[in-house]
């Protein structure tokens, strides 16, 4: 009986400790400004939502590298995916990447904050003109492999691990 009482009494403390620790984690907030007007995302709302969700998930993954207590706010202003869309029979489209003037581009604004203080902010035009000529750690089955590689490089330059101590 005593063990059950101790467990019940310690449960709120454990929950409080978990919540306190969660509050100290780094956070990434992503918003898409007029995504229906982006240069190149799928036309279908369902496909567009899937692409933006994948980008958001990748931003969140990158954000785990930030020091605890920091918040990265991202406004994505434009997306131009690698390759070009071409219609196919049956209404489907196919994305073709030929390595020409079809490289990935992203326009974003960011603010990095900690304890209510702005640590860094900027407006960035990301692009990767050599996207097919470089080693990419993402597999050919990842439809956003070139965009993720570009974001990884941008993140590494702007938020290097040495800053996270």
One residue from 140, 115 being over 17 Å from the mean Cα position of the chain (by Cα) and on the phi > 0 side of the Ramachandran plot: 115
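Okay, residues lined up against (1) modelled with pLDDT under 90; (2) surrounded by fewer than 10 Cβ atoms within 10 Å (Cβ to Cβ); (3) more than 15 Å from the chain's Cα centre (by Cα):
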residue: 3; (1), (2), (3): yes, yes, yes
residue: 6; (1), (2), (3): yes, no, yes
residue: 11; (1), (2), (3): yes, no, yes
residue: 14; (1), (2), (3): yes, no, yes
residue: 72; (1), (2), (3): no, no, no
Pairs where the first residue, in the stretch 112-139, is part of a loop (DSSP other than H, G, I, E, B) and the second is loosely packed, with under 10 Cβ neighbours inside 10 Å, C-beta under 7 Å, 6+ apart: none
Total residues in the stretch 44-83, condition farther than 15 Å from residue 159 by Cα and without any contact (Cβ under 8 Å) to a residue 40 or more places away in the chain: 12
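Does residue 49 satisfy the criteria of being at pLDDT 95 or above, surrounded by fewer than 19 Cβ atoms within 10 Å (Cβ to Cβ) and farther than 12 Å from residue 108 by Cβ? Quick ask: steps written out before the conclusion?
Values: at pLDDT 95 or above: no; surrounded by fewer than 19 Cβ atoms within 10 Å (Cβ to Cβ): yes; farther than 12 Å from residue 108 by Cβ: yes.
No: the conditions fail for residue 49.
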The stretch 146-165 - residue that is more than 14 Å from residue 70 (Cβ to Cβ) and more than 14 Å from the chain's Cα centre (by Cα) and, of those, modelled with the highest pLDDT: 157
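The values are calculated or read from the model by the stated rules, or taken from the named source; none is laboratory data. These numbers were taken from a predicted model, which means no experiment stands behind them. Counting neighbours? That spans all protein chains shown, and the Cβs are built from the backbone with ideal geometry, glycine included.
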